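Written out below as structure tokens is the structure these notes cover.
The values are calculated or read from the model by the stated rules, or taken from the named source; none is laboratory data. Predicted, not measured: the structure shown is a model, and the values here were computed from it. Don't worry about glycine lacking a Cβ; one is built from the backbone with ideal geometry, like all the others, and counts go over all protein chains shown. These area figures cover heavy atoms from the full protein model, side chains too; ligands, DNA and RNA do not enter into them. Shrake-Rupley method; radii C 1.70, N 1.55, O 1.52, S 1.80 Å.
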Amino acid sequence: MEGCFCNNHTEDTQTSGTYKGEEFSWVGSQEDFIDNPDMQKLNQIIVGRYGGNSKAGQNKNEDGCLVWSNKNEDWEFVIILDAHYTAESAEIVIELFKQNKTDMENLLSFPTTNHYMFKNLEEKVLNLFQSDKFLSICRKVKGETSCLIVVRKHKYLWWFSVGDCILYLFHQDLVALGQYQLNQRQFYEWVGQVNTFDNKVPCYTSGTRELRKGLNHIFLTTDGLIECSNAPFINPSELFKVFANCQNDEGIKLLLQEIQENNVRDSTTIVTWEVYISEEASKPSDQ
């Protein structure tokens with residue numbers, strides 16, 4: 001197998017990207033990971049990156065991601081991006097949220113007993129994307145990006161999705177009923193030069209899900225993983241099977257190896273982590 005895994009993060013080393021304690025950001029224009037799968041462990045969160053195979057014609061990586069976490073307040077905030085033409089649109093989205101990190105953290109500090117917490121979070125994201133300043137910046141970039149924002153706070157998961165990045169939630173209760181994927185891929189939605197938030201009516205999807213009692217595995221990915229020829233991962237049950245008999249980090253290695261060996265061209269970025277919930281979740285009244 002060509003290439004090798006770079007997994008050189010420790011508490012005293014710098015990852016490929018910007019990592020400071022509970023904050024990590026990266027865009028493929030910084031380092032492309034073509035022919036070179038990479039996995040980083042950022043506390044409990046794992047980031048997997050693969051730029052695609054040069055033999056398949058790949059010559060750039062336009063993905064990106066942003067990861068924040070706060071153990072004391074019991075939340076994670078993650079963005080993954082899949083841009084095209086150039087990585088400029090991914091860069092400006094990450095910069096937008098970095099500049100507004102304090103405001104986002106203030107919203108995330110509210111307990112989930114505050115019924116308006118996720119609603120306020122969605123309004124804040126919409127205000128950022130629809131601001132005159134950001135829209136003006138978008139008109140000047142080359143290309144546009146899909147964007148998936150995911151927040152886990154206590155026993156709830158919230159997402160805001162533009163485009164075709166994917167969010168899965170793996171839990172035995174849901175798997176038994178054939179449920180794996182939370183959002184639906186939407187095509188012809190982007191942020192950037194072509195911008196849904198510059199339309200009269202912006203198009204996006206959002207949702208909130210209660211996590212189940214026990215182990216919940218949260219998994220975000222760009223579409224290179226599922227569109228790889230000869231790899232079975234367009235079927236989410238096959239993704240779940242990969243992790244059935246191994247740890248989360250080992251599963252990420254196996255996924256990236258599989259798409260590399262199947263000569264994938266498109267880049268793949270994965271952000272994943274596990275959360276154990278001790279509280280009971282909703283059940284039917286007759287159980």
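With +1 on the Cβ of every Lys and Arg and -1 on the Cβ of every Asp and Glu, and nothing else charged, how large is the dipole of region 71-206 about its Cα centre, in debye rounded to the nearest 20? Write out the running numbers ahead of the final one.
Numbers: 14 positive and 17 negative charges, 24 e Å.
Value, rounded to 20: 120 debye.
Rounded to a whole number, what % of the accessible area of region 49-160 do carbon and sulfur atoms account for, probe 1.4 Å? If you can, show how the numbers build up before the last one.
Details: 2110 of 4590 Å².
Heavy-atom surface of region 49-160 belonging to carbon and sulfur, 1.4 Å probe: 46 percent.
Expressed as a fraction of 2.2 N^0.38 Å, the rule-of-thumb size for a compact globular protein of N residues, what is the C-alpha radius of gyration of the chain?
On the way: Rg = 18.2 Å, N = 287, 2.2 N^0.38 = 18.9 Å.
Relative to the 2.2 N^0.38 Å estimate, the chain comes out at 0.96.
In the structure shown, do any of LYS101/LYS283; LYS60/LYS253; LYS41/LYS101; LYS101/LYS140 have a Cα-Cα gap over 28 Å, and if so which?
Details: LYS101/LYS283 36 Å; LYS60/LYS253 21 Å; LYS41/LYS101 22 Å; LYS101/LYS140 24 Å.
Violating the 28 Å Cα-Cα cut-off are LYS101/LYS283.
Which of the three applies to region 122-271, rounded, prolate or oblate, going by the alpha-carbon gyration tensor with a ≥ b ≥ c and a/c under 1.5 meaning rounded?
Oblate, because a/c is 1.5 or more while a/b does not exceed b/c.
Counting Lys +1, Arg +1, Asp -1, Glu -1, what net charge surrounds PRO111 among other residues with beta carbon under 13 Å of its beta carbon?
On the way: positive: LYS153, LYS155; negative: GLU73, ASP74.
Combined, the nearby Lys, Arg, Asp and Glu give 0.
Do any trypsin sites (Lys or Arg not before Pro) in region 63-132 lie in a loop, going by DSSP, with at most 13 other beta-carbon atoms within 10 Å of their beta carbon, and if so which? Please report the intermediate quantities before stating the final value.
Numbers: sites: LYS71, LYS98, LYS101, LYS119, LYS124; in loops: LYS71.
Of the trypsin sites (Lys or Arg not before Pro), the ones in loops of region 63-132 whose Cβ has at most 13 other Cβ atoms within 10 Å are LYS71.
Which is farthest toward the positive dipole end of the chain among HIS84, ASN59, THR269, measuring Cα position about the Cα centre, with Cβ charges +1 (Lys, Arg) and -1 (Asp, Glu)?
HIS84
Would you mind listing how long region 233-287 runs along its three principal axes, going by Cα atoms, in whole Å with the largest first?
50, 20, 20
Based on the inverse mean of 1/r over its pairs of different Cα atoms, what is the Kirkwood hydrodynamic radius of region 65-203, in Å? If you can, show how the numbers build up before the last one.
Numbers: mean 1/r = 0.0631 Å⁻¹.
Taking the inverse mean of 1/r over all distinct Cα pairs, region 65-203 comes out at 15.8 Å.
State in Å² the accessible area per residue of the chain; use a 1.4 Å probe, count heavy atoms of protein chains only, and round to the nearest integer.
46 Å²
Just to confirm a number: summing +1 for Lys and Arg and -1 for Asp and Glu over residues other than LEU215 whose beta-carbon lies under 12 angstrom from that of LEU215, what do you get? Let's see the in-between values first.
On the way: positive: ARG212, LYS213; negative: ASP173, GLU274.
Combined, the nearby Lys, Arg, Asp and Glu give 0.
Take peptides 193-205, 247-259, 224-236 and line them up by average Cβ neighbours within 10 Å, highest first, as a rough protection proxy.
Working: 193-205: 14.8, 247-259: 18.8, 224-236: 17.2.
By packing density, highest mean first, the sequence is 247-259, 224-236, 193-205.
Could you work out the per residue convex hull volume over the alpha carbons of region 184-264, in cubic angstrom? It would help to have the intermediate numbers written out before the result.
On the way: hull volume 10.6 nm³, N = 81.
It comes to 131 Å³ per residue, whole-number rounded.
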